[in-house]
Every structure is written in C-alpha cells, then in structure tokens.
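**Student:** Got a structure here, written out as structure tokens. Questions coming.
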Amino acid sequence: MFVLPGYDAFLGFLLIATAVPVLALVTNKLVAPRSRAGERQLTYESGMEPMGGAWIQFNIRYYMFALVFVIFDVETVFLYPWAVAFHRLGLLAFIEALIFIAILVVALAYAWRKGALEWS
Amino acid sequence: MVTNLATAAPALVSPGLDLELSFTQALQGLGLSPQVAHLIWLPLPMALVLVAAIVGVLVTVWLERKISAAAQQRIGPEYAGPLGVLQPMADGLKLLVKEDVIPARADGLLFTLGPVLVLVPVILSWLIVPFGQNLLISNVGVGIFLWISLSSIQPIGLLMSGYASNNKYSLLGGLRAAAQSISYEIPLALSVLAVVMMSNSLSTVDIVDQQNGAGVLSWNVWRQPVGFLIFWICALAECERLPFDLPEAEEELVAGYQTEYAGMKFALFYLGSYINLVLSALLVSVLYLGGWGFPIPVEWLAGWLGQSVDAPVVQVITASVGIVMTVLKAYLLVFLAILLRWTTPRVRIDQLLDLGWKFLLPLSLANLLITAALKLVFPSAFGG
C-alpha cells in the first residue's frame with residue numbers, strides 16, 4: 001500500500017494530531033457559554049475605540065529577509081543529500097560544495113552590503 | 001584521492017527491545033494476518049506518544065510556574081494538589097470552558113485555522129522522537145529533515161492568525177513571528193546538517209546510534225560544540241522563548257498574534273508553544289547529548305556484570321534506562337530554558353535579525369565546512 005516504509009504511521013499520526021485541536025474546539029463549542037454580541041466583539045486597541053482596521057496598505061520591512069531566506073533555504077535543501085552521501089564522495093564533493101557555498105556567501109555579502117539585512 | 005570506501009561499521013549496539021515485533025507476532029499467533037496485526041499495532045505508540053507529549057507539557061508548565069516563582073522569591077501554585085502539581089490541569093480545564101470570542105471584524109475561518117495550523121505540525125513532529133532503539137512511532141528514513149520541514153509550517157499559522165484578527169498588534173506580532181522564524185530556520189537546519197554528515201543518515205535512530213559507541217565521550221556535543229550552541233539558540237528563537245520572545249513582547253505588542261484569542265484557541269497556542277519547547281529539548285538531547293544513551297554504555301555494564309545484552313531482563317532494563325535518560329536530558333534543557341526565560345532581558349528586533357543573519361548564518365556555514373573537512377581528514381572520528 002505504501003511505497004516507502006514507515007509512512008503509514010505518518011498518515012495515521014497526521015489524523016490523530018489533527019483530531020486533537022478539532023476535538024478541543026468542538027468540546028469548547030459544546031460546553032462554553034455563548035458569546036453575547038456587543039462591545040466584547042470589538043478588536044482590542046489599548047482600551048480605545050479601534051481606529052480603522054489592520055487590513056491596510058502597510059510597509060512590511062521583512063520582505064527582504066523573506067527573499068534572502070528563500071535563497072538560503074533552497075541552498076540548505078540542496079546540501080542535505082550532499083551531507084548524507086558525503087562519506088562516499090570524498091574530496092571532490094568537498095571542493096564542489098565549497099564552490100557552491102562560496103557563491104552563496106558572495107550573495108550574502110552582496111545582500112549585506114546593499115543593506116537588505118538592515119531592519120530600518 | 002582520499003575516497004573513503006570503508007563500509008559502515010557493524011552496529012555496536014544491540015537491536016534492543018522491539019515491542020512491535022513481539023506484539024504483531026503474538027497477534028499472528030492468534031491467527032490474524034500480518035497486515036491486520038500491523039494495523040492494530042499502529043495506533044498504540046501514537047496514543048502513548050500523544051499522552052507523553054501532553055503530560056510533558058503539564059510538567060513543563062508546572063516547572064515554569066514554580067521556577068519563575070522561585071526566581072522572584074514567591075511560592076507559586078500551592079493549592080491545586082501537592083505543591084500545586086495539578087495547577088496546569090486546572091488552567092487547561094478553565095480554558096476549555098471559557099467563552100470563545102471571535103472579533104466582529106476578524107476573518108472567522110482564518111482566525112480558527114491559525115492555531116490549528118500551529119499545533120498540528122508540532123504534534124506531528126513527535127513522530128520521529130526516539131526513546132529507544134525501537135521505541136518511536138516510525139523510523140522514517142528522512143527523520144530529522146521531516147521535523148525541519150514540519151517546523152516551517154508553523155509560521156504560516158502565526159501569520160494567518162495575526163492577519164485574521166484584524167488588529168494592529170496582532171498583525172505586527174504575526175509578521176515578527178514569521179520573520180523571526182525564517183531568520184533562525186537556516187542556521188538551525190545547517191547545524192543539523194553537520195550532525196547528519198557525521199552519522200551519514202537523516203534517521204534519528206541512526207544519529208543516536210552513532211553517538212553511543214563509548215558512552216558520554218562519544219556524544220556529539222564534544223565534536224559539535226559550536227553546532228550545539230547554534231542549535232540551542234535557534235531552538236529558543238523558534239520556540240519564541242525569552243530572550244527571543246519578540247512576537248509577543250507584552251510591553252510593545254500586548255500579546256502579539258495572540259491578542260484577540262481567548263478560551264480554547266488561546267489554549268491551542270499555549271499548548272503548541274510548550275509542546276514545541278519539550279520537542280526542541282528532546283531533539284537537542286537526540287542530536288547532541290546521545291539520546292537514550294547512558295553515560296556508560298549499557299553493553300559494557302552488562303559485560304562487567306556477566307549478563308548478556310540479549311537476555312530479556314537486560315533488554316527491559318536497557319529500554320527503561322533509555323527512556324529515563326532521554327527524558328532526563330530533555331528536562332535538564334527545559335530547566336535551562338526556563339531559567340534563561342526568567343533571568344535574561346529581551347533583545348531588540350534589529351539585534352535579533354543581526355544575530356540570525358550576520359552571525360549565526362555565517363558561523364553555521366563555517367561549522368558545516370569545518371565538519372566536512374575534519375571528516376575528510378579524520379574519517380573514523382567523524383562517523384566514517
């Protein structure tokens with residue numbers, strides 16, 4: 001049924017792990033008192049009436065980090081098979097990985113220099 | 001050419017107790033087919049691990065309250081049960097019967113889905129936590145990589161709940177949580193990579209086996225001291241523990257992405273963060289502190305006492321010692337995390353991002369390359 005061994009347990013545990021929050025929320029729905037409408041349904045803003053919503057155009061300063069993250073995350077994923085098979089590959093693989101990482105370090109240095117890693 | 005073609009050394013450790021084999025064989029003895037026996041077996045370890053995770057959280061919450069009280073010269077919980085041990089359960093029960101408030105302007109579906117998405121991957125990651133040679137739910141081949149990929153689902157849930165609340169504090173908290181999580185994920189994955197390179201396998205069982213040749217001396221923490229520190233810092237940051245609890249910095253953001261949450265949904269966040277803390281501590285002990293290994297190899301002890309490791313009694317004792325050792329190591333780290341929380345000030349967001357990108361990332365890359373170089377020069381000391 002499963003091509004790879006051990007993944008039937010993954011599927012089973014996924015069902016069980018999903019059942020935990022679902023059961024908790026359903027129990028909560030059944031036993032908790034009903035919500036009364038009114039002021040308690042306002043969003044919290046330090047005790048004031050909320051001034052407008054939060055769904056506005058807004059400068060997300062973290063998007064540069066997200067871009068750099070994608071680069072390095074992909075790099076890490078590429079390095080995983082290399083690390084697992086490294087004991088069979090020897091010196092040549094080490095030099096290849098060195099070149100690969102060096103290219104990415106240049107990218108990191110560029111992003112650093114350009115100020116992509118500055119918060120302000 | 002320094003190609004190392006030495007075949008993997010034969011396993012130094014005994015196969016140990018295999019409850020699944022015994023259980024399915026017993027069922028097959030009753031005339032059931034192997035598939036049916038396997039299906040009956042499957043839910044048992046899952047239920048056990050789930051209960052262990054939840055009990056682990058209750059213990060951790062109690063420890064947190066008691067230790068924080070001690071750090072502030074208070075007594076802490078004392079009425080619910082002896083020394084207040086039932087306090088976390090009482091908290092949970094209270095949250096279960098609390099009213100569920102969804103703000104009128106929030107997006108109801110995403111608001112509910114957020115905490116669920118935070119909790120499910122954290123529970124699911126317990127799939128690969130080994131408490132013994134065969135004492136885990138499933139020894140999947142990709143093991144530790146599965147955990148890393150599952151842990152990157154969590155920021156989606158945090159971002160979702162921050163956005164769906166339609167609250168400015170929540171939105172900022174959710175964005176911070178996502179930024180922090182992605183900043184520390186790469187050093188974390190790279191330090192795991194160095195360990196993986198030493199054990200030539202992603203499976204958590206193989207990683208522990210590789211460390212238990214000579215007891216405490218062969219634990220990875222001696223060969224990966226830098227990796228250990230990087231992993232621990234990143235694990236704290238991923239769990240949003242002080243000094244890295246910026247997403248819910250009370251003084252700035254009220255409670256971050258949790259601001260609008262009440263009742264059970266808040267409890268899901270709370271449960272998720274504590275399960276994640278215990279899980280991280282367990283993984284540190286698996287990756288760096290020899291997992292279930294006793295400081296002196298059990299095989300040696302059995303040899304000195306003139307017992308065979310394959311004797312059933314010895315196997316049961318070995319397995320029990322293994323579980324105790326795993327939990328003990330993990331709880332030492334949990335204790336350390338709690339002490340850190342109550343004794344360190346919070347870092348600023350720019351310091352946090354600088355630490356992640358400008359210090360830990362180059363350091364973890366260097367650590368990986370040094371490990372690879374050392375493995376080429378001293379293959380036997382670094383896993384062959």
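**Student:** Just for segment A:63-113: of the residues that are more than 9 Å from chain B (Cβ to nearest Cβ) and closer than 18 Å to B:Q351 by Cα, which one is surrounded by the most Cβ atoms within 10 Å (Cβ to Cβ)?
**Tutor:** Looking at the filtered set, the residue picked out is A:M64.
**Student:** Moving on. Can you tell me how many residues within segment B:169-193 are touching a Leu at 6+ places or on another chain (Cβ under 8 Å) and under 13 Å from B:T259 (Cα atoms)?
**Tutor:** 4
**Student:** Among what's in segment B:88-104 and is among the charged types (D, E, K, R) and more than 30 Å from A:G53 (Cβ to Cβ), pick the residue that is surrounded by the fewest Cβ atoms within 10 Å (Cβ to Cβ). Break it down stepwise before answering.
**Tutor:** We begin by selecting, within segment B:88-104, every residue among the charged types (D, E, K, R); these are B:91, B:94, B:98-100.
Those still in the list that are more than 30 Å from A:G53 (Cβ to Cβ) too: B:91, B:94.
On the way: B:D91: 18, B:K94: 11.
Checking each candidate, the answer is B:K94.
**Student:** For segment B:344-384, give me each residue that is part of a helix (DSSP H, G or I), crowded, with 22+ Cβ neighbours inside 10 Å and touching a Lys or Arg at 6+ places or on another chain (Cβ under 7 Å).
**Tutor:** If the condition is that a residue be part of a helix (DSSP H, G or I), crowded, with 22+ Cβ neighbours inside 10 Å and touching a Lys or Arg at 6+ places or on another chain (Cβ under 7 Å), then no residue fits.
**Student:** Check B:L12, B:L39, B:L5 and return the single one that is at pLDDT 55 or above and at negative phi. Please lay out each step first, then the result.
**Tutor:** Values: B:L12 fails: at pLDDT 55 or above; B:L5 fails: at pLDDT 55 or above.
Answer to the selection: B:L39.
**Student:** I'd like the full set of residues that are more than 9 Å from every other protein chain (Cβ to nearest Cβ) and hydrophobic (A, V, I, L, M, F, W, C), limited to segment A:32-50.
**Tutor:** Taking segment A:32-50 as the starting set, the residues that turn out to be more than 9 Å from every other protein chain (Cβ to nearest Cβ) are A:38-39, A:47-49.
The one that is more than 9 Å from every other protein chain (Cβ to nearest Cβ) and hydrophobic (A, V, I, L, M, F, W, C): A:M48.
**Student:** If only one of B:L190, B:L202 is within 11 Å of chain A (Cβ to nearest Cβ) and either surrounded by fewer than 24 Cβ atoms within 10 Å (Cβ to Cβ) or assigned to a helix (DSSP H, G or I) (or both), which one is it? Show your work before the answer.
**Tutor:** On the way: B:L202 fails: either surrounded by fewer than 24 Cβ atoms within 10 Å (Cβ to Cβ) or assigned to a helix (DSSP H, G or I) (or both).
Checking each option against the conditions leaves just B:L190.
**Student:** Please specify each residue of segment B:52-76 satisfying the condition of being more than 21 Å from the chain's Cα centre (by Cα) and crowded, with 20+ Cβ neighbours inside 10 Å.
**Tutor:** Listed by number, the list holds a single entry, B:K66.
**Student:** Within segment A:77-120, track down each residue that is within 13 Å of B:M197 (Cα to Cα) and hydroxyl-bearing (S, T, Y).
**Tutor:** Selection gives A:Y80 alone.
**Student:** Now for a different question. Being more than 8 Å from chain A (Cβ to nearest Cβ) and either of a type in the set (A, V, I, L, M) or over 20 Å from B:F244 (Cβ atoms) (or both) narrows it down to one residue among B:S161, B:S181, B:S165, B:S149; which is it? If you could, list the steps in order and put the result at the bottom.
**Tutor:** Values: B:S161 fails: either of a type in the set (A, V, I, L, M) or over 20 Å from B:F244 (Cβ atoms) (or both); B:S181 fails: either of a type in the set (A, V, I, L, M) or over 20 Å from B:F244 (Cβ atoms) (or both); B:S165 fails: more than 8 Å from chain A (Cβ to nearest Cβ).
Exactly one of B:S161, B:S181, B:S165, B:S149 is more than 8 Å from chain A (Cβ to nearest Cβ) and either of a type in the set (A, V, I, L, M) or over 20 Å from B:F244 (Cβ atoms) (or both), namely B:S149.
**Student:** Residue by residue through segment B:119-145, note down the ones that are more than 8 Å from chain A (Cβ to nearest Cβ), farther than 26 Å from A:L25 by Cβ and either surrounded by fewer than 21 Cβ atoms within 10 Å (Cβ to Cβ) or not aliphatic (A, V, I, L, M) (or both).
**Tutor:** B:P130, B:F131, B:G132, B:Q133, B:N134, B:V142, B:G143
**Student:** Still on this structure, I have one more. Can you name every residue in segment B:249-279 that is among the acidic types (D, E) and surrounded by fewer than 23 Cβ atoms within 10 Å (Cβ to Cβ)? First the steps, then the outcome.
**Tutor:** At the first step, the residues of segment B:249-279 found to be among the acidic types (D, E) are B:250-252, B:260.
Listed by number, the residues that qualify are B:E250, B:E251, B:E252.
**Student:** What is the residue count in segment B:105-116 for residues that are facing chain A (nearest Cβ under 9 Å), touching a Gly at 6+ places or on another chain (Cβ under 9 Å) and surrounded by fewer than 24 Cβ atoms within 10 Å (Cβ to Cβ)?
**Tutor:** The qualifying residues number 2.
**Student:** Read through the list (1) at pLDDT 90 or above; (2) under 21 Å from B:A179 (Cα atoms), then give the number of the only condition that B:L282 fails.
**Tutor:** Condition (2) is where B:L282 drops out.
**Student:** Looking at B:G383, is it within 12 Å of another protein chain (Cβ to nearest Cβ), small (G, A, S) and more than 21 Å from B:V61 (Cβ to Cβ)?
**Tutor:** Numbers: within 12 Å of another protein chain (Cβ to nearest Cβ): yes; small (G, A, S): yes; more than 21 Å from B:V61 (Cβ to Cβ): yes.
Against the criterion (within 12 Å of another protein chain (Cβ to nearest Cβ), small (G, A, S) and more than 21 Å from B:V61 (Cβ to Cβ)), B:G383 qualifies.
**Student:** Which fully enclosed helices (runs of 4 or more DSSP H) of segment B:206-287 have 3 or more residues being touching a strand residue (DSSP E or B) at 6+ places or on another chain (Cβ under 7 Å) and within 21 Å of B:I349 (Cα to Cα)? Spell out the reasoning first.
**Tutor:** Working: elements: B:220-223, B:225-238, B:250-253, B:263-287.
Once the helices (runs of 4 or more DSSP H) in segment B:206-287 are filtered for at least 3 residues that are touching a strand residue (DSSP E or B) at 6+ places or on another chain (Cβ under 7 Å) and within 21 Å of B:I349 (Cα to Cα), nothing remains.
The values are calculated or read from the model by the stated rules, or taken from the named source; none is laboratory data. Quantities reported herein were computed from a predicted structural model and do not represent experimental measurements. Please note: Cβ atoms are built from the backbone with ideal geometry, for glycine as well, and neighbour counts cover all protein chains shown.
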